[in-house]
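Notes follow the structure.
Nothing in this text is a laboratory measurement; each read-out follows from the coordinates by a stated rule. This structure is a prediction, so every number in the text was calculated from the model and none was measured. As a convention, Cβ positions derive from the backbone with ideal geometry for all residues, glycine included, and neighbour counts pool all protein chains shown.
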Amino acid sequence: MLVTMYLILYILVFAIGAVIGSFLNVLIYRLPRGLDFVSGFSHCPNCDHRLYPKDLVPVFSYLALGRKCRYCKEPISPRYMAVELLAGLLAALAWTAFFPPAAFLAHTLAPGASATVFAANALLYFAVLACLLAIAYIDRDTMEIPDSLSIAIAVCGVIAIFIGPEIGLKSHLIGIAVAAGPLFVLALFIEGAFGFGDVKLMAAAGLFLGWQNCLIALFIGIVIGGVYGVILLATKKKGRKDHFAFGPSLCVGIGAAMFFGGDVLNWYLTFF
């Protein structure tokens, strides 16, 4: 019975995440263009026809319509479904981090703590992950990171001080500068090294993660960005003087540090 209930909850969490992913698609399209992403109807970017609820069911509508617009028959970018799927998976990941199956089924979920706090933390983590997902795609498209999304992560950082996993106020505050500081210096003195949007993103991430996990996030992001840059050069998609969006790599680093930062740090300390 508990296993069935847990599976139902998993499906529900994934579905809610996919619905949020549908909204993120709107955000990714409209925010860089200065359009209102809260009100107004969705429409096809090709024929501008209004889209109705039957056209907007996450994942299902894309597949049911044969990956084409119902009205103009133009292909729909697979990215829309990808964002919905990723958002659903990230919601399930955030749920699993605070409600692991073994502990949930054995009733050992939160000894000495309220399950409500765990649920609040799962929601907080997903909020940050949703912002990172939107930032990654927007930066990839426009080479810019909206300040509003970095501010949203910073707000989550403030909330995490009170309800998040125990990191310590000092670690949260130091985290603002420990990764953003070096990036700021590089962005200031080395043209094209990093954008100031990257600096603001890492400052917000530092407030959320604390300084230790923020350093891990920065390291992972730089490694991924470096590898991606080498691939672009090797395939001649970019030249040595060309710039590419570094935000997606930083977003992956931040997301990885959220879940595995402690494990990486403990592994590193075994060498000392």
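A Förster radius of 45 Å combined with the Cβ-Cβ distance from Lys68 to Ala115 puts the calculated FRET efficiency at roughly 0.55. Dipole check for the chain: with +1 at the C-beta of Lys and Arg, -1 at the C-beta of Asp and Glu, and the Cα centre as origin, the magnitude is about 700 Debye. Determine, from the Cβ-Cβ distance of Ile190 and Phe271 and an R0 of 25 Å, the FRET efficiency 1/(1 + (r/R0)^6), rounded to the nearest 0.05. Taking R0 as 25 Å, the efficiency between Ile190 and Phe271 is 0.20. At the listed q of 0.10 Å⁻¹, the Debye profile of the chain, built from one uniform point per Cα, gives log10 I(q)/I(0) equal to -0.59.
In straight-distance terms, cross-link reach from Lys200 covers every one of the lysines whose alpha-carbon lies under 21 Å from its own, apart from those fewer than eight places away in the same chain; here that gives Lys170. With helices defined as uninterrupted DSSP H runs, which ones in the chain have an alpha carbon span along their own long axis of at least 30 Å and mean Kyte-Doolittle hydropathy of at least -1.0? Helix filter hits for the chain: 2-30, 78-98, 115-142, 211-234.
Counting every pair of alpha carbons in segment 1-109, the share spaced more than 23 Å apart comes to 39 percent.
Length available on full extension from Leu233 to His49: 0.36 nm per residue minus the Cα-Cα distance, which gives 62.2 nm. With Cβ to Cβ distances under 15 Å as the rule, what net charge do the other residues near Val227 carry (K, R +1; D, E -1)? It works out to a net charge of +2.
Compared with the alpha-carbon gap, the fully stretched path from Leu35 to Glu144 is longer by 37.6 nm at 0.36 nm per residue.
Once the Cα-Cα distance is subtracted from the 0.36 nm per residue extended length, the Ser77 to Leu7 segment shows a gain of 22.1 nm.
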